[in-house]
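This report concerns only the one structure given below.
Each reported figure results from applying straightforward, stated rules to the coordinates on display, with no laboratory input. None of the values given here were measured: they were computed from a predicted structure. Neighbour counts are summed over all protein chains in view; Cβ atoms, including those assigned to glycine, are modelled from backbone coordinates with ideal geometry.
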Amino acid sequence: MKPLPQEYFFNSDVVYLAEDLIGKKLCTNIGGHYTSGIITETEAYCGRNDKACHSHSGKRTARTEIMFHEGGKAYVYLCYGIHNLFNITTNIEGLADAILVRAIQPVDGVEIMLQRRKKGDVDKTLTSGPGTLSQALGIDRSLYGSELSGPEIWIEETALPPDGEIVSTTRIGIDYAGDDALLPWRFYLKNSKWVSKY
DNA sequence: CTAACGATTCGCT
DNA sequence: GCGAATCGTTAGT
């Protein structure tokens with residue numbers, strides 16, 4: 001277990017970090033089971049001047065509280081009453097930025113992921129989507145506020161694949177954000193099949 | 001206290 | 001392709 005240093009997440013450029021996290025390995029050790037996957041898709045959310053972000057314009061509530069703390073923690077919240085969506089908080093105390101992890105490529109503990117997802121075979125529906133990857137890795141709201149330096153959840157350095165071209169597009173499912181829905185703050189590996197949507 | 005809604009997914013047509 | 005599922009959070013009464 002070699003987690004990225006906490007300072008990595010203090011970076012004030014959340015859009016840069018969202019792109020930089022592509023290709024790194026997200027690992028969990030939950031319920032005695034080690035699982036991991038390469039991050040293939042992310043979205044940046046900025047606490048200032050971004051209406052798509054839960055913490056936009058200083059909207060500090062019980063749910064968004066953790067984003068206002070220093071970066072490097074897990075922000076997990078329930079979406080549509082069903083799905084646990086996993087975010088990485090970034091920036092320093094008081095600046096509420098976060099990065100949503102939307103898809104991963106399974107690496108370790110595939111059998112456990114299949115079991116958690118109640119699937120028989122490995123295909124892109126196993127971990128390509130913010131709700132499904134959380135389920136596969138065993139992430140739920142009990143991890144809200146956890147340090148991303150382990151021991152339950154952490155992120156490790158890895159090398160990008162040789163053909164690891166990253167592309168950016170608009171974010172998914174945030175039409176309510178007006179002009180901010182047009183920002184190209186979604187990143188994914190161009191040649192990966194482990195991406196939620198194209 | 002009450003009501004509306006969502007950074008989605010899955011199953012059925 | 002379309003609609004239901006499902007409940008915590010939020011804002012308003």
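Per-residue ellipticity at 222 nm, computed for chain A from helices alone with -39500 (n - 2.57) per DSSP H run of at least four residues, works out to -3000 deg cm²/dmol. Could you check which residue among A:ASN49, A:ASN29, A:ASN91 shows the biggest mean-square fluctuation in a GNM of chain A with a 10 Å Cα cutoff? The residue with the greatest mean-square fluctuation here is A:ASN49. Within the listed set A:LYS119, A:LYS24, A:LYS51, the Gaussian network model of chain A (springs between alpha-carbon atoms below 10 Å) gives the highest mean-square fluctuation for A:LYS119. Each Lys or Arg adds one and each Asp or Glu takes one away; over the other residues whose Cβ falls under 15 Å from the Cβ of A:VAL167, this sums to 0. Stretching A:LYS190 away from A:LYS118 to a fully extended chain increases their span by 23.1 nm, per 0.36 nm per residue minus the current alpha-carbon distance.
Express in % the proportion of alpha carbon pairs of the range A:65-175 at distances exceeding 22 Å. Please list the in-between numbers first.
On the way: 2350 of 6105 pairs.
So the pairs more than 22 Å apart make up 38 percent of the total in the range A:65-175.
Using 0.36 nm per residue and subtracting the Cα-Cα separation, the extra length available between A:PHE10 and A:GLU65 on full extension is 18.1 nm. Here A:MET67, A:MET1 are placed in order of increasing Cβ neighbour count within 10 Å, fewest first, which gives A:MET1, A:MET67. Averaging 1/r across all pairs of distinct Cα atoms in chain A and inverting the result yields a Kirkwood radius of 16.5 Å. Using a Gaussian network model of chain A in which every pair of alpha carbons under 10 angstrom is joined by a spring, one finds that among A:ALA18, A:ALA159, A:ALA98 the greatest mean-square fluctuation is at A:ALA159.
With K and R counted +1 and D and E -1, the other residues having a Cβ less than 11 Å from that of A:GLY150 yield a net charge of -2.
Return the distance in nm (one decimal) between the two label points of a simple spin-label model at A:SER57 and A:TYR198, each offset 7 Å from Cα along Cα→Cβ. Going from the A:SER57 label point to the A:TYR198 one covers 3.8 nm.
Each of A:THR42, A:ILE99, A:GLY120 was placed along the dipole of the range A:6-189 (beta-carbon charges, centred on the mean Cα), and the one lying farthest toward the positive end is A:GLY120.
If you place +1 on the Cβ of every Lys and Arg and -1 on the Cβ of every Asp and Glu, how big does the dipole about the Cα centre of chain A come out, in debye to the nearest 20? Please report the intermediate quantities before stating the final value.
On the way: 21 positive and 25 negative charges, 133 e Å.
Result for chain A is approximately 640 debye, rounded to the nearest 20.
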